[in-house]
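To keep things clear, I will list the structure first and then write my remarks on it.
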Amino acid sequence: MDLFGDVKIACKQREHLSPHNFHVLASKRLGGRFAQQTNFISDFQDIVPALYGDVGSKLAAWKKSAPKIKEDRSSSVDVSTEALAEDASKFEQYG
């Protein structure tokens, strides 16, 4: 599965669920270098900062986006305090 190509595959048959955590896996072929402790430690010290730079530093808590203004808001009635409050209450029900 490739989430970069289609993020919707992560939700198939799980639309009612929200993700709460995930696992990050980094893999690098070390070949014979894995057998020697010095090489392993050196490679590990290179991999961890690279992984953090590529993934960890970009992580942030998810925030729900603000509601979009409807395109059909062409009259003053559509943007009245009451109409906007009604839309806001609908938005809060889903949050």
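The values are calculated or read from the model by the stated rules, or taken from the named source; none is laboratory data. Because the structure is a prediction, the values reported are computed rather than measured. Neighbour counts are summed over all protein chains in view; Cβ atoms, including those assigned to glycine, are modelled from backbone coordinates with ideal geometry. Accessible surface areas use protein heavy atoms only, side chains included; no ligands, DNA or RNA. Shrake-Rupley method; radii C 1.70, N 1.55, O 1.52, S 1.80 Å.
Separation between the K12 and D46 pseudo-spin-labels, each 7 Å from Cα along Cα→Cβ, expressed in nm?
My value for the distance between the label points is 3.7 nm.
Chymotrypsin sites (Phe, Trp or Tyr not before Pro) within the stretch 15-60: which are DSSP loop residues with at most 14 other Cβ atoms inside 10 Å? Each step should come with its number before you reach the end.
Working: sites: F22, F34, F40, F44, Y52; in loops: F22.
Hits after loop and neighbour filter: F22.
Rounded, prolate or oblate: which fits the stretch 3-57 when a ≥ b ≥ c are the square roots of the eigenvalues of the alpha-carbon gyration tensor, with rounded for a/c under 1.5 and prolate only if a/b beats b/c?
On the way: a/c = 3.39, a/b = 2.70, b/c = 1.26.
Prolate shape, in that a/c is at least 1.5 and a/b is the bigger ratio.
Leaving ligands, DNA and RNA out of it, report the carbon-plus-sulfur percent of the accessible area of the stretch 1-57 at a 1.4 Å probe.
Numbers: 3240 of 5620 Å².
C and S fraction of accessible area: 58 percent.
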